[in-house]
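Chemist: Here it is, the structure in full.
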Amino acid sequence: MLVRDRMSRKIVAVTAPDAVGQAQGLMRRHAVRHLPVLRQARLIGILSDRDLRNVDPKKPVQDVMTLGPVAISPDASVDEAACVMQAHKISSLPVVENGRVVGLLTTTDVLRAFVDLSGAAEPTTRIIVTGGSGRGAEDRVRRIVHGCRGELKWIHRHGRQLHLRLKSHRIDDVIPALEAAGFNVTAVVESRSGKPAAPSKPQPSVAGRSQRPSDRRR
């Protein structure tokens, strides 16, 4: 996913000679926290709401703005933009193309993009498996989910566990297929409309042992 797909194209900006009070009014009116500072449509600085705290409203923007702000191309990926924000400890990136500001990307835009990419905003199922040690475990999981006509949103390894989020109308086919391939399914959590449900507590079986996800189908 590219920055141009997620950036705000509505550019609310100020110039260096503008008064701080004018910038504060623009932020309130447009509900934004960052303003690019432009000179003939070219970026020369950036202004955040924190820069304006306890500042004389008559003071010019050029006295409080950040010069030479970090910017990004609209053709950069969203995850690259996230890395830039993290590295520079900033929450907004002006988007510059051919020397001109064409948009603004904020941490809120990035988070929304990641939520969409992860599938967390739609009905999905999160599964945790173990026993998939060795190279190629992730590829085996992908093939299994695909074979059950599911859509794998993401897969992540954490130690000996594989965490996966998938979308499938046949989740009861996915779990036994994973187990048949040598994986141990330790947790299954369904999420509906972006609101995760708490995992159901294991129910004791007749023999008194805890019920595994696969036992629910027997």
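The values are calculated or read from the model by the stated rules, or taken from the named source; none is laboratory data. Because the structure is predicted, anything quoted here is derived from the model rather than measured. Here the Cβ is made from the backbone with ideal geometry for all residues, glycine too, and neighbour counts use every protein chain on show.
Chemist: Can you spot a residue in the stretch 15-37 that is out of contact with any Cys (no Cβ under 9 Å at 6 or more places or on another chain), among the acidic types (Asp, Glu) and modelled with pLDDT of 95 or more?
Modeler: Checking the stretch 15-37: at least one residue is out of contact with any Cys (no Cβ under 9 Å at 6 or more places or on another chain), among the acidic types (Asp, Glu) and modelled with pLDDT of 95 or more.
Chemist: From Ala187, Ala197, grab the single residue that is at pLDDT 85 or above and of a type in the set (A, V, I, L, M, F, W, C).
Modeler: Exactly one of Ala187, Ala197 is at pLDDT 85 or above and of a type in the set (A, V, I, L, M, F, W, C), namely Ala187.
Chemist: Now, a different point. Among what's in the stretch 140-156 and is over 13 Å from Phe183 (Cβ atoms) and loosely packed, with under 15 Cβ neighbours inside 10 Å, pick the residue that is nearest to the chain's Cα centre (by Cα).
Modeler: This residue is His156.
Chemist: Can we say Leu164 is outside any helix (DSSP H, G or I), free of Cβ contacts under 8 Å to residues at least 40 places away in the same chain and crowded, with 20+ Cβ neighbours inside 10 Å?
Modeler: Yes, satisfied.
Chemist: Given the conditions (1) more than 24 Å from Ala31 (Cα to Cα); (2) in a strand (DSSP E or B), report the number of the one that Val101 does not fulfil.
Modeler: (1)
Chemist: Residues to consider are Gly99, Gly68, Gly119; find the one that is in contact with a strand residue (DSSP E or B) (Cβ under 7 Å, 6 or more places away or on another chain), of a type outside the set (Val, Ile, Thr) and either farther than 30 Å from Glu179 by Cα or at pLDDT 95 or above (or both).
Modeler: Residue meeting the stated conditions: Gly99.
Chemist: Have a look at Val129, Val84, Val110, Val95 and point out the one that is part of a strand (DSSP E or B) and closer than 27 Å to Ala41 by Cα.
Modeler: Result: Val95 is the single residue among Val129, Val84, Val110, Val95 that is part of a strand (DSSP E or B) and closer than 27 Å to Ala41 by Cα.
Chemist: I want to confirm something. Restricting to the stretch 11-54 and keeping residues that are free of Cβ contacts under 8 Å to residues at least 12 places away in the same chain and not in a helix (DSSP H, G or I), which single residue is nearest to the chain's Cα centre (by Cα)?
Modeler: Step by step, filter the stretch 11-54, then rank; the result is Ala31.
Chemist: Criterion first (in a loop (DSSP other than H, G, I, E, B) and within 19 Å of Leu104 (Cα to Cα)) does Pro69 satisfy it?
Modeler: yes
Chemist: Condition first: under 17 Å from the mean Cα position of the chain (by Cα) and either among the β-branched types (Val, Ile, Thr) or crowded, with 19+ Cβ neighbours inside 10 Å (or both). Now tell me which residues in the stretch 97-125 satisfy that.
Modeler: Listed by number, the residues that qualify are Leu104, Leu105, Thr106, Thr107, Thr108, Asp109, Val110, Ala113, Val115, Gly119, Thr124.
Chemist: Would you mention how many residues in the stretch 94-107 are free of Cβ contacts under 8 Å to residues at least 60 places away in the same chain, within 15 Å of Val37 (Cα to Cα) and of a type outside the set (Val, Ile, Thr)?
Modeler: Here the count works out to 3.
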